[in-house]
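Got a structure for you, written out below as structure tokens; questions coming shortly.
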Amino acid sequence: MKASYRSKYGNPEVLSIIDIPIPVPRDHEILIKIHAITVNRTDSGFLTGRPKFARLIIGFPNPKNKILGNEFAGEVASIGKGVTLFKQGDRVFGYDEENFSGHAEFKTINENGPVTVIPDGMTYSDAAPLTEGSHYALCDIRAAKVQPGQQAMVYGATGAIGSAAVQLLKALGVWVTAVGNTKNLAMMKSLGADEVVDYTKQDFTKTDKTYDFIFDAVGKSSFGVCKPILKKRGIYISTELGPGSQNPFLAMLSPLSRGKKVLFPIPTINKEDVLYLRQLAIDNKFKPVIDRQYPFEKIADAFTYVLTGQKIGNVVITMD
């Protein structure tokens, strides 16, 4: 099978498409013929190995995951011994944060992992981006214990995480302010945002409103900047470490505070999360935004685009 392979950290130039053997599913594993994948923010971080201290976890001096791709959609090609949840021919999607390996024509995953059946009528390209950005958003929303009727702001509401966060918050019955740039105001409205703010024309902190939850989905703000518009017991969460890597340290101090807090949850995903996202998709409450699609042989170009930091929603790779 063909796979996008790298042996060291670096820019997209370190990627090459090579032929390797098709993996054999072990007990309770399924073998998936991949039809669509994504190139996302997580993949890009693992490709470049930045920030460098992350290499202590993802592999030092060279990466542990030689084949990237945590998010996928495809067809069950065969099943290992003991598999009961899937059968050959099932159309599935999911997320593999441990082994990655989705940037290939075939991959395996445990049947009890974050994988489930694609909703009827949904294409592989639409199903592939259902999990990456959304599971980050879901983890942070749950950590903040956001409740129906509360008010939330999503800063950077146009990326994979931010656009998912707007939809997930609205599905909970939350009033949402979405912050983005001029060209994406209509898109943010289409996601269900109650109010949109153009940060190129307006300081999003200059408002009379206050929020129960402020979610910085791009890591370009700070707790200090957002604190004045948080409610008395408001929560701030960013997807990045923050200026001077302050967010984890501020989060450690949060238990000592009875007022405004910073949380820094470690994202996780399991089968129940994927089933939840699937149901939201079926109920038309969550639809991933797709920016561009590339054929597999242009996957390095897709990485180059994602690394610009300018993508809107998700970038999909088609294998067929």
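Which residues' amide hydrogens lie under 5 Å from the amide hydrogen of residue 36, considering only partners 5 or more residues apart or on another chain, with H built in the peptide plane?
For residue 36, the qualifying residues are 73, 319.
Something else: With the other protein chains left in place, how much accessible area per residue, in square angstrom, belongs to segment 47-105 at a 1.4 angstrom probe? Don't jump to the answer; show the numbers that get you there.
Numbers: 2890 Å² over 59 residues.
Result: 49 Å² of accessible area for each residue.
Could you please state how large a percent of the accessible area of segment 1-80 is carbon and sulfur, counting protein chains only and using a 1.4 Å probe? Kindly include the intermediate steps, with their values, before the conclusion.
Details: 2200 of 3720 Å².
Ligands and nucleic acids excluded, carbon and sulfur reach 59 percent.
Could I ask something else about it? Given H placed 1.01 Å from N in the peptide plane, which residues other than close sequence neighbours of residue 103 have an amide H under 5 Å from its amide H?
68, 69
Build a GNM of the chain with springs between Cα atoms under 10 Å: which of 51, 248, 295 gets the top mean-square fluctuation?
In the Gaussian network model the winner is 51.
Same structure, new question: Counting helices only, and only those DSSP H runs with n ≥ 4, report the 222 nm mean residue ellipticity of the chain as the sum of -39,500 (n - 2.57) divided by its residues, in deg cm²/dmol to the nearest 500.
On the way: 10 runs with 78 residues, N = 320.
Calculated mean residue ellipticity at 222 nm is -6500 deg cm²/dmol.
Another question about this same structure. Provide the percentage of antiparallel DSSP beta bridges, counting only those with both residues in the chain; round to the nearest 5. Don't skip to the end; give the middle numbers.
On the way: 29 of 56 bridges.
Counting only bridges with both partners in the chain, antiparallel ones make up about 50 percent.
Output the peptides 117-127, 52-62, 166-176 sorted from most to least packed, where packing is the average of other Cβ atoms within 10 Å over each peptide's residues. Write out the running numbers ahead of the final one.
Values: 117-127: 17.0, 52-62: 11.9, 166-176: 21.7.
Packing order, densest peptide first, comes out as 166-176, 117-127, 52-62.
So what is the relative contact order for segment 57-120, in percent, with contacts set as C-alpha pairs under 8 Å and at least six apart? Provide the component values of the computation, followed by the final result.
On the way: 88 pairs, mean separation 22.4, N = 64.
Relative contact order comes out at 35 percent.
Please identify which residues in segment 155-195 have an amide N closer than 20 Å to a label point set 7 Å out from the Cα of residue 310, following the Cα→Cβ vector.
Only 156-163, 180-188 fall inside the zone, counting backbone N under 20 Å.
Assuming 0.36 nm per residue, please report the length gained on full extension of the stretch residue 297 to residue 52 beyond their Cα-Cα distance.
Values: separation 245, 0.36 × 245 = 88.20 nm, distance 2.82 nm.
Value of the extension gain: 85.4 nm.
Order these peptides, 102-112, 155-165, 20-30, 200-210, by their mean beta-carbon neighbour count within 10 angstrom, highest first.
Details: 102-112: 22.9, 155-165: 28.5, 20-30: 15.8, 200-210: 11.5.
In descending order of packing, they fall as 155-165, 102-112, 20-30, 200-210.
What ranking do 277-287, 231-241 get when scored by the average of other Cβ atoms within 10 Å per residue, highest first?
On the way: 277-287: 17.1, 231-241: 19.7.
Peptide ranking by packing, descending: 231-241, 277-287.
The values are calculated or read from the model by the stated rules, or taken from the named source; none is laboratory data. Every value quoted in this text rests on a predicted model; they were computed, and no experiment measured them. Counting neighbours? That spans all protein chains shown, and the Cβs are built from the backbone with ideal geometry, glycine included. For accessibility, only protein heavy atoms count, side chains too; no ligands or nucleic acids. Shrake-Rupley method; radii C 1.70, N 1.55, O 1.52, S 1.80 Å.
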